[in-house]
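Below is one structure, written out as structure tokens; the observations come after it.
Just so it is clear, none of the values below were taken in a lab; they were calculated from the coordinates. Because the structure is predicted, anything quoted here is derived from the model rather than measured.
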Amino acid sequence: MIVYTVGTFDLLHVGHLALLKHCKSLGDVLAVGVASDEVVNMYKPNVPVVPLEQRVEMLEALSCVDIVRPYHVL
């Protein structure tokens, strides 16, 4: 089963890791959607500190994460 979760994942911290490990425990594949700066601006007053490409790269480096895709405003 594929488990999908989304987030901004700016300034990656232990809470993010706990969430991702829990999500991975729920299935075989963990897919993570990363909010683009445009999406973040819709619900937060500030843009992320870490650029989108670097947030994606950090998540891809985690052993519990199988797929990482950014998502954008349509």
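Structure notes:
- Scattering profile of region 2-71 at q = 0.13, 0.25, 0.28 Å⁻¹ [log10 I(q)/I(0), Debye over alpha-carbon scatterers]: -0.33, -1.12, -1.32
- Whole-Hz ³J(HN,Hα) from phi, Karplus 6.51 cos²θ - 1.76 cosθ + 1.60, for region 63-74, glycine and proline x: 5, 7, 9, 9, 9, 10, 9, x, 10, 10, 6, 8
- With θ taken as phi - 60° and the Karplus curve 6.51 cos²θ - 1.76 cosθ + 1.60 applied, the whole-hertz 3J(HN,Hα) list for region 29-39 is 10, 10, 9, 10, x, 10, 5, 6, 4, 4, 5 Hz, x standing for glycine and proline.
- Fraction in percent of alpha-carbon pairs per bin - 5 Å, region 24-64: 5, 21, 24, 20, 13, 13, 4, 0
- Helix axis angle, 14-25 relative to the chain longest principal axis, alpha carbon, degrees: 40 degrees
- Amide H contacts under 5 Å for residue 50, placed H, 5+ residues apart: 11
- Amide H contacts of residue 68: 32, each under 5 Å away and 5 or more positions distant or on a separate chain (H built 1.01 Å from N in the peptide plane; Pro and chain starts excluded).
- Placed amide H near residue 6: partners under 5 Å, 5+ positions off or other chain: 33
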